[in-house]
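The values are calculated or read from the model by the stated rules, or taken from the named source; none is laboratory data. Being a predicted model, the structure only gives us computed values, none of them experimental. Glycine gets a Cβ as well: all are built from the backbone with ideal geometry, and neighbour counts include every protein chain shown. Just so you know, the surface numbers come from the protein's heavy atoms only, side chains and all, with ligands and any DNA or RNA stripped out. Shrake-Rupley method; radii C 1.70, N 1.55, O 1.52, S 1.80 Å.
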Amino acid sequence: MNGAVFSPALPMILPIRAYGDPVLKKVAQDITPGHSGLKELIDDMYETMYAANGVGLAAPQVGLSIRLFVVDASPFAEDEQGRPVPEHAHLKEFKRVFINPHVEEEEGAEWPFEEGCLSIPNIREEVVRAPKITLRYMDERFNPHRETFDGFAARVVQHETDHLDGKLFIDHLNPMRRRMLQGKLRDISMGKTDAKYKMRFPVKR
Ligand code: ZN
């Protein structure tokens with residue numbers, strides 16, 4: 001018997017929206033449990049994130065202005081040889097879906113950490129943020145959670161939540177640093193990048 005007709009669609013790799021796309025500047029909206037195609041979208045977002053070797057991916061990065069992001073930092077719990085990294089042991093569990101996340105509070109003395117973004121390939125900059133963040137969100141079954149993250153997990157959550165508020169990591173840089181990146185950013189928006197994953201650019205060359 002040929003069951004192919006009834007098998008679920010395989011996850012798809014979606015093009016990642018590049019810097020300059022207006023969707024990246026929009027404040028994303030909460031979704032409701034009946035949101036159409038949600039499961040497929042989550043599967044596609046994971047597929048897209050893994051194909052680009054990302055740690056997190058927010059819905060606006062695939063063109064959807066909804067409050068949803070996925071993360072998987074579990075590879076960081078091991079080094080390149082597959083040996084456990086004790087100080088990153090907690091990241092082994094850090095694979096999840098965040099729906100309708102909203103920041104409750106951020107605390108602690110701000111610390112610098114080098115960030116990058118799949119929408120801004122080949123640019124990495126030190127960004128200063130609070131070390132601890134408390135978030136309200138729902139999982140993929142729409143169970144509510146209130147949770148505090150710190151260290152690298154906090155950093156990922158802050159970066160991805162920013163995406164839902166129309167903010168990019170470069171928005172945290174000082175004006176001078178930002179000006180120095182202007183040319184590179186313009187190139188990215190026009191598709192002048194050697195990113196190794198599928199992207200969609202806002203400006204025609
Ligand atoms: Zn990003």
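Points to keep in mind about this one:
- Vicinal HN-Hα couplings computed from phi for region 121-132 (Karplus, 6.51 cos²θ - 1.76 cosθ + 1.60; Hz; Gly/Pro x): x, 6, 10, 10, 9, 6, 10, 9, 9, 5, x, 9
- With R₀ set to 30 Å, the beta-carbon distance separating Lys132 from Leu181 gives a calculated FRET efficiency near 0.60.
- The solvent-accessible area of His88, taken with every protein chain present and a 1.4 Å probe, is close to 60 Å².
- Over region 1-104, equivalent-ellipsoid semi-axes from the Cα gyration tensor in Å: 25, 22, 14
- Entry note, the chain: relative contact order of 25 percent, from Cα contacts under 8 Å with a spacing of 6+ residues.
- Each Lys and Arg adds +1 at its Cβ and each Asp and Glu adds -1 at its Cβ; summed about the Cα centre, the chain shows a dipole of about 1020 debye.
- Scattering profile of region 93-151 at q = 0.12, 0.13, 0.30 Å⁻¹ [log10 I(q)/I(0), Debye over alpha-carbon scatterers]: -0.39, -0.45, -1.09
- Top positive-direction residue, dipole computed over region 132-205 with Cβ charges, set Val156, Tyr197, Thr134: Tyr197
- Long-range Cα-Cα pairs in the chain (distance over 29 Å), rounded percent: 26
- Of the DSSP H helices in the chain, those with a Cα length along their own long axis of 15 Å or more and a mean Kyte-Doolittle hydropathy reaching -0.5 comprise 38-51, 151-164.
- Long-range amide H partners of Asp30 with built H, under 5 Å: Arg67
- Radius of gyration (Cα atoms) of region 17-71, expressed as a multiple of 2.2 N^0.38 Å: 1.10.
- Given charges at Cβ of Lys, Arg, Asp, Glu: region 1-148 dipole, positive-most of Phe94, Thr48, Gly108: Thr48
- Amide H contacts of Val127: Phe113, Glu114, Glu115, each under 5 Å away and 5 or more positions distant or on a separate chain (H built 1.01 Å from N in the peptide plane; Pro and chain starts excluded).
- Extension gain for Arg96-Phe142 works out to 15.3 nm (0.36 nm per residue, less the C-alpha to C-alpha distance).
- Nearby lysines by direct alpha-carbon distance to Lys92 (threshold 30 angstrom, same-chain neighbours under 8 apart not counted): Lys39, Lys132, Lys167, Lys196, Lys198
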